[in-house]
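I have placed the structure first, in the form of structure tokens, so that the comments after it can refer back to it.
The values are calculated or read from the model by the stated rules, or taken from the named source; none is laboratory data. None of these values were measured; they are calculated from a predicted model. Backbone-built Cβ (ideal geometry, glycine too); neighbour counts: all protein chains shown. Surface accessibility is based on the protein's heavy atoms, side chains included, excluding ligands, DNA and RNA. Shrake-Rupley method; radii C 1.70, N 1.55, O 1.52, S 1.80 Å.
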Amino acid sequence: MIVDCYEPYVQEERRQKELDDLAAMLPVCVLCNQRLYPGARVHIARCQVICSHCLEELMENEDIVELE
């Protein structure tokens, strides 16, 4: 008889839970909701995390406030 801790599906469930727990600690971009992994460039504004891709889009879409 094989002990539960040696069953492949039990080992995979344990490994997946550990990965999910680690991923839950990573920051998420407030604009696109993408998880940001170690090494990713981020920008923090008013305690909010924004990924570089979203920041580039914001910078490209600059506009001027006008009164009608």
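Computed over protein heavy atoms with a 1.4 angstrom probe, the accessible surface ordering of R46, R35, R41, largest first, is R46, R41, R35. Among the protein heavy atoms, those of Y6 account for about 150 Å² of accessible surface (1.4 Å probe, every chain in place).
Remark: the chain carries a charge dipole of roughly 440 debye about the Cα centre, counting +1 on each Lys and Arg Cβ and -1 on each Asp and Glu Cβ.
Computed with a 1.4 Å probe on the full set of protein chains, the accessible area for D20 sits at about 90 Å².
On the chain, 56 percent of the accessible area sits on carbon and sulfur atoms, based on a 1.4 Å probe.
Ordering L19, A45, V65 by the projection of their Cα atoms onto the charge dipole of the chain, which places +1 on the Cβ of Lys and Arg and -1 on the Cβ of Asp and Glu, puts L19 at the extreme positive end. Can you work out the accessible area per residue across the chain, with the rest of the protein chains kept in place, probe 1.4 Å, in square angstrom? Counting only protein heavy atoms, the per-residue value for the chain is 95 Å². Extents of the chain, taken as max minus min of Cα coordinates on every principal axis and listed largest first, are 79, 23, 18 Å. Per-residue Karplus couplings for segment 14-22, computed as 6.51 cos²θ - 1.76 cosθ + 1.60 with θ equal to phi - 60°, are listed in order as 5, 5, 5, 5, 4, 5, 5, 5, 5 Hz, Gly and Pro entered as x.
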